[in-house]
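Read-outs throughout are calculated quantities, based only on the coordinates presented, and are distinct from any laboratory measurement. The shown structure was predicted, so the numbers you read here are calculated from the model rather than taken from an experiment. Note that we place each Cβ from the backbone using ideal geometry, even for glycine, and neighbour counts take in every protein chain shown.
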């Protein structure tokens, strides 16, 4: 059970304010208490249920709140709910803070929560929130004042963690379109900020909600500017046009450390970066022979080919040369010792000679041609990683062409399983491997809400059964063992090729304090003026 006074938490963020002018724009007045943020990845919608990804979730958290929130270490702490406890195997009681209102003055009601759960479950999306709501059977009033009961279809030990992803909207907007949220018409939340304007691919402008039930936020205005070019983002901070930037590249870290008036904030993220391969189609679209003719069968269905690809990739070199050392070589979803990991997973060993032998054994002694896909503005050094993987695969006879796309395009296409071999990443922010297993490895089932980011459409009935049992097991030791066994199936069977766990860094003016977050969220909520 967790209990904490939200007002006390927020009061701790108040202090003296630095003077930081905001570039004037019609409709948003200049204010000395302004924060200007440069974002490396674009948010695509203000609709909090439209697409489950870090940029959208981070921006929308300013406007819409959840019953439970993640702290900087991804530990669930009170949000709209002051406390929670399991009543029995399938029922949880959540006690809400008193006096919660939406920005239009209307009080938070049970119906608002019910509608939000249902909408997040049903709304069509290339990256659905159904992973987090799929176990919920009902939401009803509790016996105690300001309490609600969430009943699950089966025991769900990580329900509070899942609820950190579910933003609450007003029930009256249950049928609103994403366009209504983007325009501001439906962007009515309980959060500390109000939407001033949203320009897709450009910026989101926020203003403080002075009537916020949890106390005033320190920044009167916030400009969240999308700057996917690393150089432009760093230059903006160096020139004084920005107060805070995220996803600082290696060369940018040196510049920031060397300039008076700036500082670097670093931490370890929970993001797992990997390569996925099409394991569903009998003929995969982006693989041919060296003569350009389509192959008669999909090579990625052969475990030896997948293993060869893992052994061809020098992950240590990617960490050192591409990531500048600001990453950790991965063997599985979390570093060993994490909840649901297994000591029986060693990860691929870099061995190009053995990789070539495996390809020959699988019937591809001369390799084949492949188009590798990835985003170019979503993960740290994403395009460079794909290029590096292509060069490494060439050494074992797999001639690779690279096609990288803006996240706004890539996210929909990769979620639709269009590609043959692709770069993916997942923030393991629940603190255990159940969430990535359900999202990335369990058989894709839109109705059941599983495999929503299973880009290669890998399917293994034994894995599905283990994960189903684990995610309904309340006993922590037993659940950890089941999850570890499921992780062994994924990684020892080379269903995914692990690359690394991202490091995380932000650059800021000395006048701005920022708390590093394992979930990589960049938010005004994590920034405070330095006294």
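To the nearest ten degrees, helix 476-492 and the longest principal axis of the Cα atoms of the chain are 40 degrees apart. Structural size metrics of region 404-516, computed from C-alpha coordinates, are Rg and Dmax of 16.7, 54 Å. Listed peptides 47-54, 167-174 appear in the order 47-54, 167-174 once ranked by packing, highest mean of other Cβ atoms within 10 Å at the front.
Between helix 303-312 and the chain there is an angle of about 80 degrees, using the helix long axis and the longest principal axis of the Cα atoms. Among beta bridges identified by DSSP and lying wholly in the chain, the antiparallel ones come to about 75 percent. Within region 268-503, DSSP assigns beta bridges of which about 65% are antiparallel (rounded to the nearest 5). For the chain, the direction-averaged projected area of the alpha-carbon convex hull comes to 23.3 nm². For residue 283 and residue 445, the difference between the fully extended length at 0.36 nm per residue and the C-alpha to C-alpha distance is 56.2 nm.
Expressed in units of 2.2 N^0.38 Å, where N is the residue count, the Cα radius of gyration of region 205-362 is 1.51. Is the shape of region 102-181 best called rounded, prolate or oblate, per the rule: a/c under 1.5 gives rounded, else a/b larger than b/c gives prolate, else oblate, with a ≥ b ≥ c the square roots of the Cα gyration tensor eigenvalues? It comes out oblate by the Cα gyration axes. By definition, a body whose alpha carbon gyration tensor gives a ≥ b ≥ c is oblate when a/c is 1.5 or more and a/b is not larger than b/c, and region 132-172 fits this oblate description. Each listed q (0.18, 0.24, 0.31 Å⁻¹) maps to a log10 I(q)/I(0) for region 225-276, found by the Debye formula over equal Cα scatterers with no solvent: -0.62, -0.95, -1.34. Cβ-Cβ distance of residue 350 and residue 401, R₀ of 30 Å, FRET efficiency by 1/(1 + (r/R0)^6): the value works out to about 0.85.
With only Cα atoms counted, region 268-503 has Rg and Dmax values of 16.8, 55 Å. Relative contact order for the chain: 21 percent, from Cα pairs under 8 Å spaced at least 6 residues apart, divided by residue count.
Relative to the longest principal axis of the chain, what angle (0 to 90°, nearest 10) does the C-alpha long axis of helix 461-470 take? Rounded to the nearest ten degrees, it is 30.
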